[in-house]
Amino acid sequence: MWTFIQSILPILIFIGIQHVTHSQQTGKVDLPNLGMSFVIPNGWVGEMTEEAFVMGSNTEPGVVLMTIHNYSTIDELKAEAKSGLQDANGTNLQLSGDLQLIAGNAVGGDFVGTIEWQKAKAFIAGVINPYGPGVTIMVAADVANYSHRYVQLGREIIKSLNFNKVEKLPIVDEWKSTLNDSKLTYMDSYSSTGGGYSSQSEIHLCAAGHFLESNNNSISVDTGGAYANSSGSGQGAGTWDVVSSTTQGAILRLNYNNGEVQEYTLTYEDSKTYLNGYRYFRTYASEGPDYAPNCY
């Protein structure tokens with residue numbers, strides 16, 4: 001419920017933000033690639049960013065964030081809500097009072113604490129989508145300006161939400177077929193007379209629907225005759241899929257077993273594969289064991 005909210009909160013200077021400046025939208029918003037639509041409250045405007053749909057107002061303080069989540073039951077949403085929201089950027093919001101069931105497919109409540117070290121209150125609700133990823137809605141303001149009005153705003157948006165089954169675009173199916181049972185490798189390195197570093201990240205996309213991830217980094221430093229080397233590796237696992245983006249493209253979505261989600265925008269240029277604009281080498285078992293994904 002919180003993953004994408006956590007990722008976007010640090011970009012907000014302060015929740016007293018009063019307007020959105022680019023590509024302003026009002027009224028009904030249709031997001032066919034996500035299979036949803038909703039209505040922006042009167043007096044508010046919104047825009048789609050890479051990580052959320054953000055709304056602001058020229059007359060009311062505060063901000064509305066709408067993000068997606070991958071929970072499928074109310075109990076999962078309740079468990080996440082009770083754990084609160086914390087990050088290293090001064091955000092610590094904890095549930096204040098009881099959670100309320102809303103419209104049968106949503107649960108929400110009031111939260112109090114800080115956002116970027118500023119005292120804040122928020123109404124946060126998670127909505128279940130019967131066809132796929134659900135929606136998390138956060139309506140926040142500084143303590144001095146927060147009121148029941150923000151709860152009403154959140155409930156108004158929830159009431160306007162409509163979900164539909166998404167028909168996969170051909171490009172999505174093409175990417176899924178291309179990435180199936182492949183290994184994606186990103187490499188970066190730098191060297192100089194004083195030392196250097198090398199980095200290699202791999203994403204193993206298995207035909208069974210799960211993935212493995214490994215990262216190997218090494219740093220060498222010239223210490224005037226002595227040589228120091230440090231290296232580390234880590235691995236995570238979960239399931240993977242290719243989904244439509246709001247720009248008619250495709251996104252590689254990694255759903256980690258701990259509930260976190262990572263998304264990469266997929267592009268293909270000059271016979272090269274890019275994830276979020278970074279070149280990844282795409283290889284298969286047919287090219288030899290060193291190029292095969294670790295799926296066995």
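The values are calculated or read from the model by the stated rules, or taken from the named source; none is laboratory data. Only a predicted model underlies this, so the values are computations on that prediction, with no experimental measurement involved. Methodologically, a virtual Cβ is constructed for each residue, glycine included, from the backbone with ideal geometry; neighbour enumeration extends over all protein chains shown.
I need every pair where a residue in the stretch 250-275 that is under 14 Å from residue 238 (Cβ atoms) has its Cβ under 6 Å from the Cβ of a residue that is of a type in the set (Ser, Thr, Tyr) and surrounded by fewer than 16 Cβ atoms within 10 Å (Cβ to Cβ), sequence separation at least 6 or different chains.
Hits for this filter: 255/239.
Looking only at the stretch 85-99, how many residues end up being on the phi > 0 side of the Ramachandran plot and surrounded by fewer than 14 Cβ atoms within 10 Å (Cβ to Cβ)?
Of the stretch 85-99, the ones on the phi > 0 side of the Ramachandran plot are 90, 97.
Checking which are surrounded by fewer than 14 Cβ atoms within 10 Å (Cβ to Cβ) leaves us with 97.
Number of matching residues: 1.
Given the residues 88, 81, which is the only one that is over 24 Å from residue 253 (Cα atoms), among the aliphatic types (A, V, I, L, M) and either assigned to a loop (DSSP other than H, G, I, E, B) or under 18 Å from the mean Cα position of the chain (by Cα) (or both)?
Within the list 88, 81, the selection yields 88.
For the stretch 100-110, check the following and say yes or no: at least one residue is in a strand (DSSP E or B), at pLDDT below 90 and not acidic (Asp, Glu).
Looking for residues that are in a strand (DSSP E or B), at pLDDT below 90 and not acidic (Asp, Glu), one finds none in the stretch 100-110, hence no.
Mind listing whichever residues of the stretch 45-58 are hydroxyl-bearing (Ser, Thr, Tyr) and either part of a loop (DSSP other than H, G, I, E, B) or touching a residue at least 40 places away in the same chain (Cβ under 8 Å) (or both)?
Once the filter is applied, which keeps residues that are hydroxyl-bearing (Ser, Thr, Tyr) and either part of a loop (DSSP other than H, G, I, E, B) or touching a residue at least 40 places away in the same chain (Cβ under 8 Å) (or both), the stretch 45-58 yields only 49.
Listed here are the residues, each with its yes/no results for (1) at pLDDT 80 or above; (2) surrounded by 15 or more Cβ atoms within 10 Å (Cβ to Cβ); (3) under 16 Å from residue 275 (Cα atoms).
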site: 181; (1), (2), (3): yes, yes, no
site: 188; (1), (2), (3): no, no, yes
site: 194; (1), (2), (3): no, no, no
site: 202; (1), (2), (3): yes, yes, yes
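In this structure, does residue 78 turn out to be surrounded by fewer than 16 Cβ atoms within 10 Å (Cβ to Cβ), free of Cβ contacts under 8 Å to residues at least 60 places away in the same chain and not hydrophobic (A, V, I, L, M, F, W, C)?
For residue 78, the condition - surrounded by fewer than 16 Cβ atoms within 10 Å (Cβ to Cβ), free of Cβ contacts under 8 Å to residues at least 60 places away in the same chain and not hydrophobic (A, V, I, L, M, F, W, C) - is not met.
Identify the single condition in (1) within 27 Å of residue 263 (Cα to Cα); (2) surrounded by fewer than 16 Cβ atoms within 10 Å (Cβ to Cβ); (3) at pLDDT below 90; (4) not acidic (Asp, Glu) that residue 37 does not satisfy, given that it satisfies every other one.
(3)
Give just the number: which of (1) of a type outside the set (Asp, Glu); (2) at pLDDT 85 or above; (3) in a loop (DSSP other than H, G, I, E, B); (4) more than 17 Å from residue 146 (Cβ to Cβ) does residue 61 not satisfy?
(4)
Restricting to the stretch 153-165, name every residue that is touching a Pro at 6+ places or on another chain (Cβ under 9 Å), assigned to a helix (DSSP H, G or I) and not acidic (Asp, Glu).
153, 157, 160
Return the residue satisfying two criteria in turn: it lies in the stretch 20-34 and is within 27 Å of residue 131 (Cα to Cα) and β-branched (Val, Ile, Thr), and of such residues it is modelled with the lowest pLDDT.
For the stretch 20-34, the residue satisfying everything is 26.
Just to be sure, is residue 228 at pLDDT below 85 and exposed (fewer than 15 other Cβ atoms within 10 Å of the Cβ)?
yes
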